[in-house]
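Chemist: Quick one: the structure is below, and I'll ask about it shortly.
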Amino acid sequence: MAGLHPPAEPRAVHRLAAGDGHELYVEDCGPRDGFPVIFLHGGPGSMCTDRHRRLFDPRRHRAILFDQRGCGRSRPAGEIRANSAEHLVADIELIRVHLGIEAWLVWGGSWGSLLALAYAATRPERVRALLLRGIFLGGDRELDAYLANFQGRTENEAARDCIRRLQHDFESGPASVRAEITRRWLAHEAALMGETIADAPPEASAIAKTRLQLHYLARHAYPRAATLLEAAARHVLPGIIVQGDNDPICPPGAARALAGACPSLRLQEIPGAGHGQFDPEILAASLAALDALTS
């Protein structure tokens, strides 16, 4: 894909014990003395991929990528116990201390943007700048927009109530129920992105991803939007927001609210662009922002 750097393997891979039985999978890429950047993937419940490594210049960026607790190659997969944004913020700091990095650029997209703001609210002295893409603040209006056409949401049912019902059924039902909820949940996400998924029994990784997403959204296991906006305004952190103005997953209202609360975060709306990190317009703007913030 145009704009991406050539494929590269991590310089080192770490498995860090994070407490409560969780183990984190962490990749340390690029030169040890490069400009440090930590990349926070979306979700909740997703993971980093080989393609995410290619966002970074292997000659000058020390890129740290990790699968959040319960996600991807971190263990145990799909574990929701001791799993909240507060735990994830502590995990980011654990990684920083383990790697001996004084401060870094924090890059988060979608769910990762919320996590980046939550980390910056508690460790502003460790954040050199923020690079945020497709802002998600987790408010009820955002969820209502996301689930507007979800198959299985009853008439006049609030989005959060729908998610809580799904989460209850997912956790209490048999394997067949978990598989069906996973299929409908991920098919809805794919449809919003203009994609389709195979009409086949979902794999264990898809079930784990759905479990984590339902857990976080049903229990509101992350800071409130007002708290994140207030902290961003108080700490006045520099950075860039890349936001597609036709994003069906994270509509631009949240990005505009964040930029309004914290003018030091420069909002760059991309006309006609959607949500995906690797959509051509979003990718080009993100890489230009990374270059500007790490020059």
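The values are calculated or read from the model by the stated rules, or taken from the named source; none is laboratory data. Note that the structure is a prediction, hence the values are computed from the model and not measured. Counting neighbours? That spans all protein chains shown, and the Cβs are built from the backbone with ideal geometry, glycine included.
Chemist: Here's a check for you: in segment 191-204, which residue that is within 20 Å of Gly272 (Cβ to Cβ) and among the small types (Gly, Ala, Ser) is modelled with the highest pLDDT? Walk me through how you get there before you give the answer.
Modeler: Initially, segment 191-204 is screened for residues within 20 Å of Gly272 (Cβ to Cβ), giving 191-195.
If we keep only those that are among the small types (Gly, Ala, Ser) too, we end up with 191, 194.
Working: Ala191: 93, Gly194: 88.
That would be Ala191.
Chemist: Then there's this: Look through Leu229, Leu214 and report the one residue that is under 26 Å from Val89 (Cα atoms), at pLDDT 95 or above, outside the structural domain of Ser84 (by TED's automatic domain parsing) and of a type in the set (A, V, I, L, M).
Modeler: Leu214
Chemist: While we're on this one: Of all strands (runs of 3 or more DSSP E) completely enclosed by segment 18-109, which ones contain at least 3 residues that are more than 14 Å from the chain's Cα centre (by Cα), touching a residue at least 60 places away in the same chain (Cβ under 8 Å) and not assigned by TED's automatic domain parsing to the domain that holds Ala208?
Modeler: Details: elements: 22-29, 35-40, 61-67, 104-109.
Per the criteria, 22-29, 35-40.
Chemist: Next question. Among (1) part of a helix (DSSP H, G or I); (2) modelled with pLDDT of 95 or more, there is one condition Asp247 misses while meeting the rest; what is its number?
Modeler: (1)
Chemist: Test of understanding: among Glu195, Glu180, Glu142, Glu155, which residue is part of a helix (DSSP H, G or I) and farther than 29 Å from Leu265 by Cα? If you could, list the steps in order and put the result at the bottom.
Modeler: Working: Glu195 fails: part of a helix (DSSP H, G or I); Glu142 fails: farther than 29 Å from Leu265 by Cα; Glu155 fails: part of a helix (DSSP H, G or I).
Going through Glu195, Glu180, Glu142, Glu155 in turn, the sole match is Glu180.
Chemist: Can you work out which of the residues in segment 219-244 that are part of a loop (DSSP other than H, G, I, E, B) and of a type in the set (A, V, I, L, M) is surrounded by the most Cβ atoms within 10 Å (Cβ to Cβ)? Spell out the reasoning first.
Modeler: Let us first name the residues in segment 219-244 that are part of a loop (DSSP other than H, G, I, E, B), namely 220-224, 236-238.
Still in the list and also of a type in the set (A, V, I, L, M): 221, 236-237.
Values: Ala221: 18, Val236: 11, Leu237: 21.
Per the criteria, the residue is Leu237.
Chemist: Here are Asp67, Asp20, Asp50, Asp33: which of them is at pLDDT 95 or above, in contact with a Leu (Cβ under 8 Å, 6 or more places away or on another chain) and among the acidic types (Asp, Glu)?
Modeler: Numbers: Asp20 fails: in contact with a Leu (Cβ under 8 Å, 6 or more places away or on another chain); Asp50 fails: in contact with a Leu (Cβ under 8 Å, 6 or more places away or on another chain); Asp33 fails: in contact with a Leu (Cβ under 8 Å, 6 or more places away or on another chain).
Sole residue among the options that is at pLDDT 95 or above, in contact with a Leu (Cβ under 8 Å, 6 or more places away or on another chain) and among the acidic types (Asp, Glu): Asp67.
Chemist: Identify the residue in segment 90-137 that is in contact with a Leu (Cβ under 8 Å, 6 or more places away or on another chain) and over 30 Å from Pro280 (Cα atoms) and, among all such residues, is surrounded by the fewest Cβ atoms within 10 Å (Cβ to Cβ).
Modeler: His98
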